[in-house]
1. From the list B:L65, B:L55, pick out the single residue that is more than 10 Å from DNA strand C (Cβ to nearest atom) and either within 30 Å of A:R2 (Cα to Cα) or surrounded by 17 or more Cβ atoms within 10 Å (Cβ to Cβ) (or both).
2. If a residue has to be more than 14 Å from A:I293 (Cα to Cα), touching a helix residue (DSSP H, G or I) at 6+ places or on another chain (Cβ under 9 Å) and part of a helix (DSSP H, G or I) to count, how many in the stretch A:231-268 make the cut?
3. Yes or no: A:A286 at pLDDT 95 or above and surrounded by 19 or more Cβ atoms within 10 Å (Cβ to Cβ)?
4. Out of curiosity, is B:V306 touching a strand residue (DSSP E or B) at 6+ places or on another chain (Cβ under 8 Å), in a strand (DSSP E or B) and in contact (Cβ under 8 Å) with a residue 40 or more places away in the chain?
5. Condition test on B:V19, is it outside the structural domain of B:K111 (by TED's automatic domain parsing), outside any helix (DSSP H, G or I) and either within 13 Å of DNA strand D (Cβ to nearest atom) or buried (at least 22 other Cβ atoms within 10 Å of the Cβ) (or both)?
6. Taking the condition under 22 Å from A:Q88 (Cα atoms) and either in contact with a helix residue (DSSP H, G or I) (Cβ under 8 Å, 6 or more places away or on another chain) or surrounded by fewer than 17 Cβ atoms within 10 Å (Cβ to Cβ) (or both), does B:P102 pass?
7. Could you tell me which of the residues A:A258, A:A288, A:A267 is touching a residue at least 12 places away in the same chain (Cβ under 8 Å), more than 21 Å from the chain's Cα centre (by Cα) and not assigned by TED's automatic domain parsing to the domain that holds A:L143?
8. Could you grab me the full set of residues in the stretch A:88-117 that are charged (D, E, K, R) and away from every other protein chain (no Cβ under 11 Å)?
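The values are calculated or read from the model by the stated rules, or taken from the named source; none is laboratory data. Note that the coordinates shown come from a computational prediction; the quantities given were computed from them, not determined experimentally. No Cβ is skipped: glycine too gets one built from the backbone with ideal geometry, and neighbour counts run over all protein chains shown.
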There are 2 protein chains.
Amino acid sequence: MRATVKDVAKLAGVSPKTVSNVINGIVFVRPETRERVEQALAELDYVPNLSARGLRNGRSGMIGLALPDLLRPYSAEITHLVVELAHQRGWGVQIEQTAAEPKREFELLSKARANLVDGLILNPVNLDDSAVMTAGPLPAVVLIGDVDQDVVSQVAIDNVGAAREMTQHLIEQGFRRIAAVGTPEIPRGASGTGRVGGTADTPGTAAARLRTTGYREALEAAGLPHDPELEIGLDRWSPEGAATVVGRYLEDHETPDALFCFTDTIAAGALSALWTAGVAVPGDCAVAGFDNILESQYTVPPLTTVDFDRRQFVQSALDLLGERMADKDAQPRRVVVPHRIVSRASTAR
Amino acid sequence: MRATVKDVAKLAGVSPKTVSNVINGIVFVRPETRERVEQALAELDYVPNLSARGLRNGRSGMIGLALPDLLRPYSAEITHLVVELAHQRGWGVQIEQTAAEPKREFELLSKARANLVDGLILNPVNLDDSAVMTAGPLPAVVLIGDVDQDVVSQVAIDNVGAAREMTQHLIEQGFRRIAAVGTPEIPRGASGTGRVGGTADTPGTAAARLRTTGYREALEAAGLPHDPELEIGLDRWSPEGAATVVGRYLEDHETPDALFCFTDTIAAGALSALWTAGVAVPGDCAVAGFDNILESQYTVPPLTTVDFDRRQFVQSALDLLGERMADKDAQPRRVVVPHRIVSRASTAR
DNA sequence: TTGAAAGCGATACCAC
DNA sequence: GTGGTATCGCTTTCAA
């Protein structure tokens, strides 16, 4: 059986409380006592039982991280940073995948209330039916990603602005027929074309709607026509989906001047489809992405994309989470992390 | 304050034990009693305290997953599967990054012994100085990846065989001067060239050594000369590292017929470097990878690579872990998951 | 079938 | 400074 504080206390000839004091190092302990205790700790190879500590303290020392789809390189980057930066604060990270199912988000919040995690970083896909909006006492939660709420703290980027600027950038490069890839897809029904314009009440992820808005704003500002045919819908932001849909699109549509893909992952699929179709990039069709994942610097050709400081993004999320964990009644705050356009060969003229 | 079993019991007019019985559903409870309890549970919005449960049961219901570098798409795929498949078994997943530091591996094992996780899936980079080899009572641990030990259970692929087959495949395609990218790098000292042959006592990761061995075996079997100049060392398996090293290599070496990159991530960097240097793939130089990450199907051109059933890989790891968690004295087992060569355009003749 | 009470291990309160 | 001791919330003998 593993050693407990009691065993250590007995061996060191002190009380459990003293052992605890030594371990947590808050109260002053006489050096010679400390010495004895530490020796006993080492001798018995003492490891504290974190469940017991958690029970007593009401804190587990862990936070939860819930992302819609862990499979994507983007998720890997977020996870990497959360784990690294949380570790610096002495927090462990429990990871979850919501797969865009609100049900899973509920489970997570409940887990947080079950004291298994002290806080939760949640990337909701669609807040309308998301768990956070339900009334009731919430654990410490920080939302990452752009959704419209002010119930809990949030860190986001300006999706509309970024999409507008990217579209504008493409226009400035001289491209005119600019397609958007990843616009909201009709969830059910006659989705034969796979294209649909997002309106206020159109289903789809928040980011998809916002980026579509920015795209349209830029077109309008430049006096370019809004062509619904150029909004290519995707029900899931995956390379396989993008490759399939873009490939099919190229078969029966005139090739656009440029594709503005709503994530780099989509762009990877699009590049693949264009290559398969024998369309030169950027010569016959330019391609831009969004997120600036690490891999996008090494695609062929390198990808123009929207960059934001992911480390600061995550750091902010942890800051906000820390605030809420320390003070349950802290005002929800919203942090917007700046972004910028990174222009690479995929949109060169 | 949150409701406890006691509160629920009081409200339902029963004892805590009965509430517990209802919650865990093991013992038969009279339907009308159950009804009352369930109503009370709902009314008080009861959520069990998992720390308390963990303390009492000695199990937390969570497993740990420790990967060397969470940043990679490969890590994302593993994490995705572990989270999904563990969830099916009712396990939560705590995630960690070892960054190839044995120190972190130690911390994790200690965390496992601290009852925060019931088991640990560990992907060690270099077992020689890895924590698992230290004596002492180990928690349930399963190793993923090819390292040489029989202390704990392990799931792996045949790295030597796969590398041999891939090299052979390239030879069969007619390539002769085949370079290997990702061979073990000298840790310190005169690493001016960035190339070094791995020998038995050469430092480097286990996978790097094993894949190098397979590569050499195939060359030898085909009667091709072993040219140390064709073993391109990498200290870290990242696209940026690969792009830099391969780019530099191309400047002062004759371009090989083919590059066998030891991961798809390396291959992505290599493809980028070749594109930058104006070397056509596969026309002037073929490229092959290893792992068949999702993105490799969509690179330009699509990447020939070594595929293995990642889902089965992870499923096996969880099976083995389950065994060890159920029976501490279960014999360590070793599962080897089959692999196959997937030939795509990047090595077409 | 259900109730009473002990105890998992660590910590904080209150004495000394 | 340090020692007893109650307590966190849940589960589980043992009785009834």
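1. Going through B:L65, B:L55 in turn, just one is more than 10 Å from DNA strand C (Cβ to nearest atom) and either within 30 Å of A:R2 (Cα to Cα) or surrounded by 17 or more Cβ atoms within 10 Å (Cβ to Cβ) (or both): B:L65.
2. Total meeting the criteria: 11.
3. yes
4. yes
5. no
6. yes
7. From the options A:A258, A:A288, A:A267, the qualifying one is A:A258.
8. Those that are charged (D, E, K, R) and away from every other protein chain (no Cβ under 11 Å): A:R89, A:E101, A:K103, A:E105.
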